[in-house]
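What follows draws every value from the coordinates through simple rules; no lab data is involved. Only a predicted model underlies this, so the values are computations on that prediction, with no experimental measurement involved. All Cβ positions, glycine included, derive from the backbone under ideal geometry; neighbour counts span all protein chains shown.
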């Protein structure tokens, strides 16, 4: 066991490369069925950072598509801590479903990024889950200055910039 830990030490314990400053979160006229989520990083993200952000958003989308972000069915998290948890499958099956409808590609311009989402259901738990994941990523890896939910424009974002030579890139989710 000690040998396995020694070999995997660098994967388990990594030096934090993110930001010690908590990321700012703003909700700006967010429409669950048609909005952008905007990201501002402290620095232009590296390829490995973009990959991590894309994987995080992709995972969030998959959990949402499968109905995993339904605050109306939080049976185990609402159980008293001093009792053995139980799950009522019939109650769980009869809750109104939530599902993440659609998501665009991640677009990046220098230290800014955006992604279009159609969550479909007005379910704030969707946003909480993404914010929690991004908070950890910001602290441990990338350094996200702020995340803005909603709005059609953002600071220095240029709609006309579509050339990779000028710092624009697009990444499939």
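In terms of packing, defined here as the mean over residues of other Cβ atoms within 10 angstrom, the peptides 101-113, 43-55 line up highest first as 101-113, 43-55.
Between residue 55 and residue 34, full extension at 0.36 nm per residue minus the direct alpha carbon distance yields a gain of 5.4 nm.
Principal axis extents of the Cα atoms in region 25-173, from largest to smallest and rounded to whole angstrom, are 57, 30, 24. Each residue, residue 145 and residue 116, gets one label point 7 Å from its Cα in the Cβ direction; the gap between the two is 2.6 nm. Take every pair of alpha-carbon atoms less than 8 Å apart whose residues are at least six positions apart; their mean separation over the length of region 1-140 yields a relative contact order of 40 percent.
How much length, in nm to one decimal, is gained on full extension between residue 79 and residue 6, taken as 0.36 nm per residue of separation minus their Cα-Cα distance?
22.4 nm
Find the all-direction average of the projected area of the Cα convex hull for region 53-116, expressing the result in square nanometres with one decimal place.
Numbers: hull surface 24.9 nm².
Mean projected area for region 53-116: 6.2 nm², to one decimal.
Note on the chain: with a GNM built from Cα contacts shorter than 10 Å, the maximum mean-square fluctuation among 58, 114, 84 falls on 84. Helical runs (DSSP H, four residues minimum) scored at -39500 (n - 2.57) apiece and divided by the length of the chain put the mean residue ellipticity at 222 nm at -9500 deg cm²/dmol. Listed from fewest to most Cβ neighbours within 10 Å, the set 1, 23, 72 follows the order 1, 72, 23. Value of Rg to Rh for region 91-173, rounded to two decimals, is 1.04; Kirkwood radius and Rg both from alpha-carbon coordinates.
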